[in-house]
Amino acid sequence: MKFLLLAFMIATFGLSNPLQEAINLAKDGDTLWLNDGIYSGNVVVDKAITIIGKGQNAVIKGDKTSSVIKVTSKNVKLINLNIESSGISQMTLDAGISCLNGNNLLVEKNRIKDVLFGVELSQCNGSIIRDNNITSKEGFDIPQRGDAIRAWYSHENLIEKNYVYNSRDIVAWFSSSNTIRGNYGHGNRYAIHTMYSSNNLIEENKFSYGAVGMYFMFSTKSLVKNNTIIGSSGAFGVGIALKDVSDFDIKDNILLYNARGFYLDRSPLNPGALNSFENNQILHNIVGVQLHATQERSIFLNNDFIGNMDTAINDTPGSKIDQIYWEGNYFDEYEGYDLDRNGIGDVSYVNFVYADRLWQYYPTLRFFYGSSIISGLNFLAKLAPFSEPIKLLEDKSPKMKPNKEKTSV
């Protein structure tokens with residue numbers, strides 16, 4: 001393997017953009033070692049080479065007009081670099097690293113900042129984006145920033161152990177069979193956002209204080225497990241949201257201090273499809289589960305509902321909430337008993353909608369939520385109901401103790 005030392009090229013040839021010239025001179029399989037210093041960006045990597053920073057201060061800096069590094073070859077490796085100063089165009093997807101048709105790309109241990117998009121993958125398959133620190137442009141509102149990592153028509157990639165903050169999303173659109181694992185995010189919009197994607201694995205991520213932890217839309221057949229979402233707030237704060245999503249398996253997640261824990265919008269979508277929610281901890285959210293336009297079947301098994309202001313709400317009159325099956329869940333508001341000491345309540349946990357829950361259907365009544373008037377109406381409705389209350393959910397086998405004894409976040 002051939003090694004090119006850029007310091008030597010600068011001293012000998014006085015090149016104006018030595019990094020691009022070194023790339024032009026390199027052959028497939030070569031490695032470029034960058035000493036500490038600032039190198040001009042806006043470079044194109046069009047061959048299978050490796051670029052590595054020798055220390056912690058090798059900086060590839062763009063001129064704020066386009067992407068800092070554009071990759072158009074397979075088998076490129078970018079390791080231990082500081083990448084900064086992309087352009088600001090959403091139309092051209094200006095990024096720290098932009099990859100088009102560059103399969104098997106490795107982006108590892110880089111520090112990417114002052115860029116619109118962090119790593120942008122377009123039809124790049126089999127790539128690894130691992131252990132990078134990524135943030136977006138300062139001074140932009142979150143929706144105007146680019147995505148920390150964007151996968152577009154890109155499949156079988158590994159996005160792992162990245163720290164993303166103050167950016168927009170980690171996106172997988174029209175992208176399937178990807179693994180998004182062990183990432184940490186803070187202050188993002190939708191920390192993970194998939195659309196028209198399938199067979200993705202999303203696991204062991206931790207996201208805090210964004211608008212939405214994870215938003216899955218028009219997607220199918222994915223596994224979402226062992227993630228922690230904390231403090232999703234704002235007008236549509238949600239831990240995990242599903243819109244028109246079918247055949248998802250969502251288990252062993254922790255949803256803590258969110259405006260809503262789960263939000264199900266017409267999910268499942270496909271007739272005969274099933275979404276499964278199992279062994280999740282839904283803790284201290286304003287709403288544990290919000291249901292919207294329910295038409296198909298979901299199941300909730302062995303989940304813990306603790307400290308939520310409302311365990312569940314349904315905001316769509318006429319939706320088929322009886323399609324949802326509940327079994328073995330723990331509800332901290334359960335008032336039943338267990339005479340045979342088997343750990344399962346002898347009577348069902350039933351959640352009814354009384355007068356004080358009318359705000360679920362009529363948002364204008366939220367102004368009175370928690371008022372003495374609504375509380376009085378609710379008390380009278382329970383004491384002497386003048387109409388049948390609406391049954392929101394029934395678990396015939398509620399647990400007497402939480403399914404998981406301890407929570408570590």
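Quick check on my link table: of Lys61/Lys225; Lys54/Lys74; Lys74/Lys113; Lys54/Lys206; Lys320/Lys399, which ones sit more than 29 Å apart, alpha carbon to alpha carbon?
Too far apart for the 29 Å limit: Lys61/Lys225; Lys54/Lys206.
Heavy-atom accessible area per residue, segment 222-354, 1.4 Å probe: how many Å²?
Roughly 37 Å² per residue, with all protein chains present.
What size of dipole, in debye to the nearest 20, comes out for the chain about its Cα centre when the only charges are +1 on Lys and Arg C-beta atoms and -1 on Asp and Glu C-beta atoms?
960 debye
Just name one of Gly139, Gly87, Gln323: the one whose Cα is farthest towards the positive end of the charge dipole of the chain (beta-carbon charges, Lys/Arg +1, Asp/Glu -1).
Of the options given, the answer is Gly87.
For segment 10-98, what is the accessible area per residue in Å² when the probe is 1.4 Å?
Per residue, segment 10-98 has an accessible area of 44 Å².
Order of 295-306, 130-141 by packing, highest average Cβ count within 10 Å first?
Values: 295-306: 20.5, 130-141: 17.7.
Highest mean packing first, the order is 295-306, 130-141.
On the full set of protein chains, 1.4 Å probe, figure out the accessible area of His284 and give it in Å² to the nearest 10.
Per-residue accessible area (His284): approximately 90 Å².
Stick to the Cα atoms of segment 150-220, pair each with every other, and give me the Kirkwood hydrodynamic radius in Å at one decimal.
11.7 Å
Determine the calculated [θ] at 222 nm for the chain from helices alone, applying -39500 (n - 2.57) to every DSSP H run no shorter than 4 residues and normalising by the residue count; nearest 500 deg cm²/dmol.
Calculated at 222 nm, the ellipticity per residue is -2000 deg cm²/dmol.
What residue among Gln295, Leu100, Asn285 has its Cα farthest toward the positive end of the dipole of the chain, where the charges are +1 on Lys, Arg and -1 on Asp, Glu, each on the Cβ?
Leu100
Using modelled amide H (1.01 Å from N, peptide plane; none on Pro or chain starts), what sits under 5 Å from the amide H of Val115, excluding residues fewer than 5 places away?
Ser85, Ser86, Lys137
Starting from the alpha-carbon convex hull of the chain, give the projected area averaged over all orientations, in nm².
Working: hull surface 90.9 nm².
The Cα convex hull of the chain, projected and averaged over all directions, gives 22.7 nm².
Can you send over the carbon and sulfur percentage of the accessible area for the chain, probe radius 1.4 Å, protein chains only?
On the chain, the fraction of accessible area on carbon and sulfur atoms equals 53 percent.
In the neighborhood of Ser319, defined by Cβ-to-Cβ distances under 11 Å, what is the net charge if each Lys or Arg adds +1 and each Asp or Glu adds -1?
Neighbour charge sum, excluding Ser319 itself: -2.
Considering only protein heavy atoms, with the full assembly of protein chains and a 1.4 angstrom probe, order Leu34, Leu158 by accessible area, largest first.
Working: Leu34 0, Leu158 35 Å².
Result, largest first: Leu158, Leu34.
Give, to the nearest whole percent, the P(r) tail of segment 12-146 beyond 23 angstrom, counting all Cα pairs.
The calculated P(r) of segment 12-146 puts 25 percent of pairs beyond 23 Å.
Considering the options Leu223, Trp173, Asn17, tell which one lies farthest towards the positive end of the dipole of the chain, charges being +1 on Lys and Arg and -1 on Asp and Glu at the Cβ, about the Cα centre.
Asn17
The values are calculated or read from the model by the stated rules, or taken from the named source; none is laboratory data. Not measured: the values here are computed from a predicted model. Ideal geometry is used to build each Cβ from the backbone, glycine not excepted, and the neighbour counts take in all protein chains shown. Protein only, heavy atoms only, side chains kept; ligands, DNA and RNA dropped before computing areas. Shrake-Rupley method; radii C 1.70, N 1.55, O 1.52, S 1.80 Å.
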